There are 2 protein chains.
Amino acid sequence: MFPNNINNLIENFKKLPGIGQKSAERLAFSVLKNFDSDDYDDFSNSLISVRDDTKYCSICNVISETDVCNICSDNSRNHELLIVVENSKDVFSIEKLGNFNGYYHVLDGLISPFDDITPDDINLESLFDRVKNDKIKELIFVTRSGVEADTTILYIKKMLEDFDIVISRVANGIPIGADMDYIDTLTLESALNNRKQVLD
Amino acid sequence: MFPNNINNLIENFKKLPGIGQKSAERLAFSVLKNFDSDDYDDFSNSLISVRDDTKYCSICNVISETDVCNICSDNSRNHELLIVVENSKDVFSIEKLGNFNGYYHVLDGLISPFDDITPDDINLESLFDRVKNDKIKELIFVTRSGVEADTTILYIKKMLEDFDIVISRVANGIPIGADMDYIDTLTLESALNNRKQVLD
């Protein structure tokens with residue numbers, strides 16, 4: 001319906017999560033209306049740069065500008081603690097807290113038989129190597145809940161049963177500030193089971 | 001916080017309407033996760049093509065792949081009716097209805113003293129030329145409501161007062177299917193004023 005080049009841009013916006021036909025049209029026409037010539041170059045180049053210049057830390061697998069990321073190359077952190085996450089983005093979310101002083105490991109996925117994601121498809125070998133070779137005392141899983149996370153953690157636990165290592169997992173519970181009306185039953189049940197005594 | 005190339009992509013997504021920091025991060029990481037190599041090229045090229053290949057119809061000013069758009073080059077339509085719209089996109093929305101058989105004129109904006117948009121900044125000269133040279137009998141304004149639309153229509157009406165031409169405007173009213181709870185008072189007032197007698 002629209003000219004071809006506009007249609008193409010719309011189709012590209014539709015590849016993004018949560019963007020359907022109507023939103024994509026709105027975005028494409030806003031680009032046409034508001035972008036100056038440099039904006040087009042910037043956007044276009046930034047896409048190509050994400051493809052071509054993104055590196056992954058050779059130790060923890062987080063996205064990085066260098067072969068070994070800032071965190072892994074910082075020797076002053078606590079070598080006994082390793083947080084395991086699904087995605088690179090999670091590392092940055094936790095780092096923003098500013099109070100975790102250990103290291104990270106990015107799996108780039110969770111085991112999911114339904115989606116045909118097997119242990120070989122995610123970044124597990126290097127995790128096992130790190131447990132074998134480093135002095136890690138605790139693996140802390142910081143992932144979304146669900147069958148995939150359960151399966152992944154169980155699998156890792158089994159593979160590491162010969163090692164003297166604590167495997168822990170973030171608490172599920174009611175988000176701070178959340179309205180009780182919007183808490184699902186699984187979360188509420190978990191929050192109840194993990195209740196804490198109120199001390200003086 | 002993120003690597004530079006990811007940050008750049010995030011900043012570019014933030015130039016789009018309705019996309020803030022959090023959404024832009026989500027989009028950038030979804031690109032990194034889900035795009036294959038060709039997807040990056042497609043998206044990047046489609047942006048550049050929108051900048052470099054977009055033409056505007058030399059008659060009605062709608063975006064077009066040709067110097068004169070499909071509609072203006074179709075001589076079988078009704079030359080007496082001209083719909084005036086703010087943006088190219090509106091032409092496609094009306095064409096989708098499939099029952100308007102006249103021609104269009106795209107203003108590319110509305111007069112807005114607050115935003116320093118004067119009559120010279122929008123595509124009015126060519127509208128007046130068309131009225132002078134063609135056999136247009138009715139100008140139908142299909143625009144959003146508001147001071148800018150009122151000002152623009154009033155200005156055009158004044159400039160064309162010597163011509164024997166009807167100037168009309170789409171009806172405001174309650175959108176079909178809309179919940180009464182969400183109708184603003186101005187719309188409700190307009191819908192009441194424009195009420196129609198229910199005939200047998």
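The values are calculated or read from the model by the stated rules, or taken from the named source; none is laboratory data. These numbers were taken from a predicted model, which means no experiment stands behind them. Please note: Cβ atoms are built from the backbone with ideal geometry, for glycine as well, and neighbour counts cover all protein chains shown. The area values use the complete protein model at the heavy-atom level, side chains included, leaving out ligands, DNA and RNA. Shrake-Rupley method; radii C 1.70, N 1.55, O 1.52, S 1.80 Å.
General remarks:
- A single entry from A:VAL170, A:VAL147 fulfils the requirement of being touching a residue at least 24 places away in the same chain (Cβ under 8 Å), aliphatic (A, V, I, L, M), open to solvent by 70 Å² or more (accessible area, probe 1.4 Å) and within 23 Å of B:PHE29 (Cβ to Cβ): A:VAL147.
- Against the criterion of being free of Cβ contacts under 8 Å to residues at least 12 places away in the same chain, facing chain B (nearest Cβ under 8 Å) and of a type in the set (A, V, I, L, M, F, W, C), A:LEU32 does not qualify.
- Residue that is farthest from A:ILE111 (Cα to Cα) [pool: residues in the range A:173-198 that are exposed (fewer than 10 other Cβ atoms within 10 Å of the Cβ) and hydroxyl-bearing (Ser, Thr, Tyr)]: A:TYR182
- Filtered residue count, the range A:33-49, keeping only those that are at pLDDT below 95 and not polar (S, T, N, Q): 1
- Unique residue being touching an Asp or Glu at 6+ places or on another chain (Cβ under 6 Å) and not aromatic (Phe, Trp, Tyr) when the list is A:VAL166, A:VAL170, A:VAL147: A:VAL166
- Restricting the range A:80-98 to residues that are under 18 Å from A:ARG169 (Cα atoms) and part of a loop (DSSP other than H, G, I, E, B), the residue that is least open to solvent (accessible area, probe 1.4 Å): A:GLU86
- If the condition is being of a type outside the set (D, E, K, R), within 8 Å of chain A (Cβ to nearest Cβ) and under 29 Å from the mean Cα position of the chain (by Cα), then the range B:1-17 contributes B:LEU9, B:ASN12, B:LEU16, B:PRO17.
- Residues being under 19 Å from the mean Cα position of the chain (by Cα) and open to solvent by 20 Å² or more (accessible area, probe 1.4 Å) - total across the range A:125-140: 3
- Here the condition is being modelled with pLDDT of 95 or more, open to solvent by less than 40 Å² (accessible area, probe 1.4 Å), touching a Phe, Trp or Tyr at 6+ places or on another chain (Cβ under 6 Å) and away from chain B (no Cβ under 11 Å); of A:CYS60, A:CYS72, it holds for A:CYS60 alone.
- Qualifying residue in the range B:111-120 (condition: touching a Gly at 6+ places or on another chain (Cβ under 8 Å) and within 26 Å of B:LYS55 (Cα to Cα)): yes
- Sole residue being in the same structural domain as B:GLY98 (by TED's automatic domain parsing) and among the aliphatic types (A, V, I, L, M), chosen from B:LEU32, B:LEU81: B:LEU81
- Tally, over the range B:75-119, of residues that are within 12 Å of another protein chain (Cβ to nearest Cβ) and of a type in the set (Ser, Thr, Tyr): 2
- Any hit, the range B:38-56, residues being part of a loop (DSSP other than H, G, I, E, B), within 13 Å of chain A (Cβ to nearest Cβ) and not β-branched (Val, Ile, Thr): no
- When A:ASP38, A:ASP52, A:ASP42, A:ASP67 are checked against the criterion of being among the charged types (D, E, K, R) and closer than 20 Å to B:LYS55 by Cα, a single residue qualifies: A:ASP38.
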